[in-house]
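The values are calculated or read from the model by the stated rules, or taken from the named source; none is laboratory data. No experiment lies behind these values; they were computed from the predicted model shown. Cβ placement follows ideal geometry from the backbone for every residue including glycine, while neighbour counts extend to all protein chains displayed.
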Amino acid sequence: MVTERQPGKGQAETAPSSAREASLAAVNGCTRFAHPLTGFELEEEVHFAPRSCILIDNGRARCPPRGLLHYLATGGSEFGGGEDGHTEYVNPGDVGAWLDVLDRRIADLKLCIGTDAAEKSDTQAVLWDLESKTKHTHAEVLDMLAQARHGVVSIEQMEEYLVSIESLSTPMPGRIDDIRRAIITQHAAVDDKIEQAKESEILLTRQDALRTLLQNLIERSAMCALELRRLQANRDFIAQHGFVKVTSSPWQRGSTHDVLSWQPKYCWSNYCWSPRSSAAHPAGLPAGAWFQIELPEGIEVMPTHYALRHGDDGQAPAPGLRHDSNCSLFSLPDHAPQGIGAPSTSWGITTRAKRAFNGTALFNWQLWASGTGVDDGSEWTLLRDHVDDRSLHGAFEFHLWPLPWIEGRTFRFFRVIMTGPCSNGAHALMCSGFELYGQVGKQEPPPPDPDPPGTAFVAVTLIRL
């Protein structure tokens, strides 16, 4: 169901704010959105599609559905948030967690820069020491080797004379002794030249290796300094503006940003209901608890699917009424309680836990979307209306729903709002997972207009004579 609504008479309509003081694209020196962890610019067109196994086995998916918010939380890593721990999943709505991660990376870079500076100093000292011990350059080494080759040629010529017919036919003892002494002297000179060349070549090779290492250290230090400045600028931006902004009605269990959590958590709002007209409802209709996701500037999505995960497992540590809710939840007499702590799995849950679930869950809610947010008085679009939807009635249950494709419409603001009671009649929004799928970036061109009835194409062939 898709509904578009213009601001009503009773709604305050404010002009859009002037250009933002900064954006992540500007902070990272890019024209499009750049991720604060990696600095990589988002491609012109990106499709975030749910995996086929989730579409086939909806509600029992073993692997977490990686979508747009997963990209924002990990920088696009395929393994982010997984049990292998290749990449840390940073809740995109938790500013404190982002500042902690950026502070750790900044500290690591500062340590790397300091280590490189010390290594550069040591390498430079060793290089200067080698340069003082090296008596020849590469050109002089080549000249010594050339002299040694000439000496070898001279030795060969003198040895050939000693065994030649001329020397044997008319022997001259004095001349022969002089040639033998010259051969010995030349051998010593050649050996000395070769030895000097070898020693100098070893020292020169070590110098070249140290110069290469020194150059690599200088380049790495420059790159680390640039990355350090980039991370510091991103940290200052997130500290001031946030990353993915999560707002909501008053919250009771957990934090508001836990609606974007990777792992299941106990997470629900206060109990609230506006029976006549809710200021949080884009259409001003009766509504209850709600939360809103604002994507970073530069991320505008044409959604195709979205997913929610329940924020409770419906189990109490003891039979009776739970102290922090008004839900009548009782432990099953034949089964051990399974709700003491969140499960170790992420979006999936066991079949036995689903059967054991006797708690409450969302039954009636809506998903609204906007391009600029309600504060700008812009249109809000109803993407999906859930009426008596029991898809989330399970322990930390997860479900994926398709959304209507609206050609040419992109959204940055998404609001989930209750429009009726939960399964037990209460009005508390329980949610510990939210994900979006769709297209970000370049829009597809509109399809061509259909041909009028009764018309036909005439093929024309041009023949070049």
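The residues in the stretch 270-290 that are within 22 Å of Glu379 (Cα to Cα) and in contact (Cβ under 8 Å) with a residue 24 or more places away in the chain can be counted, and the count is 12.
Table: residues versus (1) surrounded by 13 or more Cβ atoms within 10 Å (Cβ to Cβ); (2) assigned by TED's automatic domain parsing to the domain that holds Cys431; (3) not acidic (Asp, Glu).
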position	(1), (2), (3)
Ile183	yes, no, yes
Gln186	yes, no, yes
Asp191	no, no, no
Arg206	yes, no, yes
Thr212	no, no, yes
Leu217	yes, no, yes
Arg230	yes, no, yes
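Filtered by the rule that a residue be farther than 30 Å from Glu41 by Cβ and touching a Pro at 6+ places or on another chain (Cβ under 8 Å), the stretch 244-287 gives Pro264, Ser269, Asn270, Cys272, Trp273, Ser274, Pro275, Arg276, Ser277, Ser278, Pro286.
Count of the stretch 375-413 residues, restricted to those that are at pLDDT below 85, crowded, with 18+ Cβ neighbours inside 10 Å and aliphatic (A, V, I, L, M), is 1. Can you find even one residue in the stretch 246-258 that is in a loop (DSSP other than H, G, I, E, B), more than 18 Å from Phe414 (Cβ to Cβ) and within 27 Å of the chain's Cα centre (by Cα)? Within the stretch 246-258, one or more residues are in a loop (DSSP other than H, G, I, E, B), more than 18 Å from Phe414 (Cβ to Cβ) and within 27 Å of the chain's Cα centre (by Cα). The test for being over 25 Å from Thr205 (Cβ atoms), modelled with pLDDT of 85 or more and aliphatic (A, V, I, L, M) does not hold for Met144. One residue stands out in the stretch 53-76 among those that are under 16 Å from the mean Cα position of the chain (by Cα) and assigned to a helix (DSSP H, G or I): the one that is modelled with the lowest pLDDT, namely Thr74. Restricting the stretch 264-307 to residues that are surrounded by 19 or more Cβ atoms within 10 Å (Cβ to Cβ) and polar (S, T, N, Q) leaves a set whose member that is modelled with the highest pLDDT is Gln292. The residue that is nearest to Thr372 (Cα to Cα), among those in the stretch 1-52 that are of a type in the set (Phe, Trp, Tyr) and either touching a Leu at 6+ places or on another chain (Cβ under 9 Å) or modelled with pLDDT under 70 (or both), is Phe33. Residues in the stretch 77-117 that are farther than 17 Å from Leu231 by Cβ and modelled with pLDDT under 90: Ser77, Glu78, Phe79, Gly80, Gly81, Gly82, Glu83, Asp84, Gly85, His86, Tyr89. For the stretch 371-388, the criterion of a residue being assigned to a loop (DSSP other than H, G, I, E, B), farther than 18 Å from Val440 by Cα and hydrophobic (A, V, I, L, M, F, W, C) is satisfied by at least one position. Restricting the first member to the stretch 96-124 and to residues that are in contact (Cβ under 8 Å) with a residue 24 or more places away in the chain, and the second to residues that are of a type in the set (Gly, Ala, Ser), the beta-carbon pairs closer than 8 Å and six or more apart or on different chains are Leu99/Ala239; Ile113/Ser221; Ile113/Ala225; Asp116/Ser221; Ala117/Ser221; Lys120/Ser221.
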